[in-house]
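Beneath this line is the structure, given in structure tokens, with notes to follow.
The values are calculated or read from the model by the stated rules, or taken from the named source; none is laboratory data. Fair warning: this is a prediction, and the values are worked out from it, not measured in the lab. When we count neighbours, we look across all protein chains shown, and the Cβ atoms used for this are built from the backbone with ideal geometry, even at glycine. Just so you know, the surface numbers come from the protein's heavy atoms only, side chains and all, with ligands and any DNA or RNA stripped out. Shrake-Rupley method; radii C 1.70, N 1.55, O 1.52, S 1.80 Å.
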Amino acid sequence: MCYHVASKQFLRNDSLALLRQSLAISKHALQSQHHHPNKHQCSLLLGNAGSLLVNAIICNQLIPLYPPQAQPFQHQPSQLIDERNRCISDYLNLHTLALDTHQCQEDEFLYGRAGYLFECLLIKEMVSSSSGGEGEGGEGEPSSVSVPPPTPDIETIIHNILTQLLTIGRQISSSSLFHQPNMCPLLYIWPPGRGEYSPPYLGAAHGLMGILYTMLHFPHHLTTIPGGWIDVVGCLDFILRLECDGTGRLLTAGGEGERERERGHYPSRVMVPPEQQQQQQQQQQQQHEGEEKPPLVQWCHGAPGAVFLYTKAHECLKGKDASVSKYLEAAERSGEAVWKKGLLTKGPGLCHGISGSGYAMLRLYKYTKKDKWLHRAIEMAKFMAIDEEFKNKSRVPDRPLSLFEGWGGAVCLYADLLEVMTMKAGEGGEGERDDVMERVGFPMFEV
């Protein structure tokens, strides 16, 4: 949280203090991981990988803020450089665990190899930006803050983990449990060990949406892996067929009336191919009239995750697919669903709280430049701050100050919205807007 808000222009006078505080917290997390390791070493949220990544990023941001000859009580730039490079090396060395299906049994974003793969993007950006910067020495001298070429090669790591994800997804989809006509080309089970049949999750945190969203950030590698793009696009279109109304009933082509206006929702799990699922729902409705369970509207499960997935799909495929507009339309339909049903009572957090809904609105504003989405993000943020019913009846998270469950995520959303509002109140041009849009977004999920 401190690192995220430190990048905001309206807090530039406090950025050094915020980054110092971030580094102290990050080091404590690394020490805790060292003394109390867990089985999720590759996990973004629970494992050593997330702590190493954050520590490397903070060191990288602090390096240019210190003079070459820092005071004795300050961090020495050379120490920060060494620590950053060590964290990057240790992070990349975890790729052997991420490729080991026995030691890393999860494929999803928060705890599994998809999250590890996604954060390789941040490592890659750090390496390329520092290596391309001008050195502090004379002409022809290497930069004193550049990151040495990582070993093993980061592109090889990305390619191997992406290949592993595709292979696992194909194996599960073609297994006897799921192999049916019109089934999704890729499927993933979480958590492992839930029994012989465990319906795959669909959402951004633990399911197919988050894994596909990660894959879409590596278009070149998908091109080099046989069938990569075909399977990803097949999954995108499969999920579209699972779109449902506010009661959880799948929509038939050409639906109309109130159900048509309530489109944009998605179930939490992939049970069977959509056509068969619709038949099952009709049978269940006859047997249990009035007992339908509405779909969840959370970043971890439901429409907010679809906003991120389908805006990214549109971004990657525009100009390459004549029907690509369907992805942006799907993202905006899910945005409408989040606006209507996204004021959650599970707390302020990113994962299953209102901040996750607010970031879905902000993502649509960034991508479409339509002011209505910014207005809606602001209104959701205001709701958390001033609505007495939310304050009194909202669930208290297990970790009330944390990033994904608690107020840490809300603070990030407030800071990002203030950054955007400050930009809009100024007289900067398109270049300033682009700079601001790069600095705001869902923490650790938007690059």
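Do we find that Asn60 is out of contact with any Pro (no Cβ under 6 Å at 6 or more places or on another chain) and surrounded by fewer than 18 Cβ atoms within 10 Å (Cβ to Cβ) in this structure?
Numbers: out of contact with any Pro (no Cβ under 6 Å at 6 or more places or on another chain): yes; surrounded by fewer than 18 Cβ atoms within 10 Å (Cβ to Cβ): no.
No: the conditions fail for Asn60.
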Collect the residues in the range 398-440 that are in a loop (DSSP other than H, G, I, E, B) and buried (at least 20 other Cβ atoms within 10 Å of the Cβ), keeping them in residue-number order.
Leu403, Phe404, Glu405, Gly406, Val440
Subset of the range 227-248 (residues that are over 21 Å from Gly353 (Cα atoms), touching a residue at least 12 places away in the same chain (Cβ under 8 Å) and either among the aliphatic types (A, V, I, L, M) or open to solvent by 20 Å² or more (accessible area, probe 1.4 Å) (or both)):
Gly227, Ile230, Asp231, Val232, Val233, Gly234, Leu236, Ile239, Leu240, Arg241, Leu242
Can you name the condition, by its number, that Pro443 falls short on among (1) part of a helix (DSSP H, G or I); (2) in contact with a Gly (Cβ under 8 Å, 6 or more places away or on another chain)?
(1)
Return only the number of the condition from (1) assigned to a helix (DSSP H, G or I); (2) within 21 Å of Glu262 (Cβ to Cβ) that Thr345 does not satisfy.
(1)
Got a number for residues in the range 1-38 being farther than 21 Å from Trp407 by Cα and touching a residue at least 60 places away in the same chain (Cβ under 8 Å)?
1
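Among the listed residues Thr224, Thr214, identify the single one that is at pLDDT 95 or above, of a type in the set (S, T, N, Q) and surrounded by fewer than 23 Cβ atoms within 10 Å (Cβ to Cβ). Let's see the steps before the verdict.
Details: Thr214 fails: surrounded by fewer than 23 Cβ atoms within 10 Å (Cβ to Cβ).
From the options Thr224, Thr214, the qualifying one is Thr224.
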